[in-house]
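Computed from the coordinates by the stated procedures, all read-outs in this text should not be read as laboratory data. Bear in mind the structure is a predicted one, so any value in this text is a computation, not a measurement. Cβ coordinates were reconstructed from backbone atoms using ideal geometry, including for glycine residues, and neighbour counts include every protein chain displayed.
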Amino acid sequence: MGSLLLALFGFALLDAIDVLLVAITTAVVADSRLARRSPVVGGLSLLAGVFVVSVAFGICTVLGIDFLVRLFDFELTPTLRYWGELLIGLVLLGVAALPVDTTVSTGGRWTRPVRENPWLMGVVGFTLGLVKMPTSVPYLAALALLSAQRPLPVGWPLIVAAYCAIALFVPLLVLALALRKTPRARRVYRLLVRGVTRYGPPTIRVLFAVFGVVLVVDALVHGGDLW
């Protein structure tokens, strides 16, 4: 159980380096400052929308996998486990090889339609979550690891919720720093946003490559169980 939670924590930290979500949160903060109002309502509405969709998607995915396992009386044998490791490792290596655009606009187009009603940013977050979750490799890998446990851990929906909360750590940190008025907080805010935007995608690529190599090597070391 400890190794599972550690793996999920690592995937959640990877998920937290979401350049697009950080960029949109920054846009909400910038627009709020121009309008001379607090970014709390708009920022929290945005992140709450993403959180709700993330949790719902994760719970439905685990329940769906568990239902199929019970329906077909599926048993996770060593052969299936290491083939799964091999395939997931190859997918991670493939994702790491994809070109990544490190320039993300933080323009006001995300916030202009909801300037008068900042809470409507929750709709933007909900929509963003619907697009993001099915394509989030760390989240899908985490759900696959969780679903492979037999039986499922007690309170597994809380584990899914905790994962989704950790995955929002960086945008929440950006929002929290934006509320501070001290020069140090503003300096850290600028450095954090600049660092995530510039170095986030390359860092994720490197980590995907490392995890992919580890999984592929582990599967090949147990090559006798692949056949």
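Annotations
- A Förster radius of 25 Å, combined with the Cβ-Cβ distance separating V213 from Q149, puts the computed FRET efficiency at roughly 0.50.
- Two-site FRET efficiency, K181 against V52, from Cβ-Cβ distance with R₀ of 35 Å, rounded to 0.05: 0.70
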